[in-house]
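For reference, the structure discussed in these notes is given below.
The values are calculated or read from the model by the stated rules, or taken from the named source; none is laboratory data. Please read these numbers as outputs of a predicted model, since none were measured by experiment. When we count neighbours, we look across all protein chains shown, and the Cβ atoms used for this are built from the backbone with ideal geometry, even at glycine.
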Amino acid sequence: MTLAKLRPFLQENESNIPLIDGAYLTPDLIPKNATPEPNRVGLIPHVDSMQIGRWEEIAKRGQFRLIDPRWEPSKFIGALTSCSTVITEAMHGAILADAYRVPWAGFAAHSHINTDKWHDWSESLSIPLHISSVPPVFKGDKGLPLMSRVKNITKRMA
């Protein structure tokens, strides 16, 4: 179908067309495969924070289940749905938690987190939002390639 053929339909039905992040369809593709463990709190850093943060240490100290956004989808969803609640720096961590009905709270530890996107999403669904600001947890640049070190330094200066 071409846009020219679709345009009249869109104009006629504009107010009846729902727009939502595609991640909300994930439960239809990957069914919930875990029963939440009481008092298990998941920790989902932003994908860009995984390389620069000391998340393993933070998760261990806080007795959180670290959920790496780089995992393949079924492993990620299994970890997410095994938690009774999650704290997430990743907006899509919150979206997926919402889609699977796992209570969540948002946080930002690094300057690359775009809270405007969070607010846009939450306002579009009338979801109350509070993003807690926490200190960054850099693990340092030792052993990283030069371009990664430059990128990290730039992020810290922002």
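Consider region 112-153 and keep the residues that are surrounded by 14 or more Cβ atoms within 10 Å (Cβ to Cβ) and charged (D, E, K, R). The one that is nearest to residue 22 (Cα to Cα) is 151.
Screening residue 13 on (1) exposed (fewer than 11 other Cβ atoms within 10 Å of the Cβ); (2) outside any helix (DSSP H, G or I); (3) of a type outside the set (Ser, Thr, Tyr) shows it passes everything except condition (2).
Considering only residues that are under 16 Å from residue 100 (Cα atoms) and among the charged types (D, E, K, R), look in region 28-75 and name the one that is surrounded by the fewest Cβ atoms within 10 Å (Cβ to Cβ). This residue is 28. Somewhere in region 101-112, is a residue of a type in the set (Phe, Trp, Tyr), without any contact (Cβ under 8 Å) to a residue 40 or more places away in the chain and within 23 Å of residue 59 (Cα to Cα)? Scanning region 101-112, I find at least one residue that is of a type in the set (Phe, Trp, Tyr), without any contact (Cβ under 8 Å) to a residue 40 or more places away in the chain and within 23 Å of residue 59 (Cα to Cα), so the answer is yes. When 68, 116, 98 are checked against the criterion of being over 28 Å from residue 30 (Cα atoms) and modelled with pLDDT of 90 or more, a single residue qualifies: 116.
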